[in-house]
Amino acid sequence: MDNTCRFIIIDDNQINVLISELIIRKTNNDAHIQSFSMAPEALQYIEEEYGNSEPNKNTLLFLDLHMPEMDGFEFLERFMQLSPVI
């Protein structure tokens with residue numbers, strides 16, 4: 001079982017991403033953080049990274065609701081359609 005703390009940040013505002021990363025690092029310097037400025041890229045990453053993985057790969061997701069191209073609400077709708085393992 002992998003005990004690494006994992007975080008995904010999806011936000012088009014780079015200042016928000018930087019602040020989130022700094023807070024996470026202050027709490028856990030060894031955390032694995034993956035950041036995206038576009039929701040479709042994050043969705044693709046999640047599907048590839050977590051689609052066929054073991055179910056104990058817990059990850060905390062920080063999601064901006066107001067973004068261009070795909071907002072947070074649309075992201076959540078598409079996320080819920082992914083494989084049941086995710």
- Task: Normalising by the residue count of the stretch 10-80, find the relative contact order in percent from Cα pairs under 8 Å and 6+ residues apart.
- Result: 39 percent
- Label assignment, P(r) over Cα pairs in 10 Å bins from 0, in percent derived from the structure, set (1) 18, 39, 24, 14, 5, 0; (2) 17, 49, 31, 3; (3) 16, 49, 28, 7, 0: (2)
- Dipole magnitude of the chain, debye to nearest 20 (Cβ charges: Lys/Arg +1, Asp/Glu -1, about Cα centre): 380 debye
- Highest average packing first - 18-27, 4-13, Cβ atoms within 10 Å: 4-13, 18-27
- Query: Which listed residue (Val17, Asn28, Met38) has the Cα farthest towards the positive end of the charge dipole for the chain, taking +1 on Lys and Arg C-beta and -1 on Asp and Glu C-beta about the Cα centre?
  - Reply: Asn28
- In nm, the gap between the two label points placed 7 Å beyond Cα toward Cβ at Met38 and Leu60 is 2.8 nm
- Query: How much length is gained if the chain between Asp30 and Asn13 is pulled fully straight, taking 0.36 nm per residue apart and subtracting their Cα-Cα distance, in nm to one decimal?
  - Reply: 3.7 nm
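Coordinate-derived values only; no laboratory data. None of these values were measured; they are calculated from a predicted model. Neighbour counts run over all protein chains shown; Cβ positions are idealised from the backbone, glycine included.
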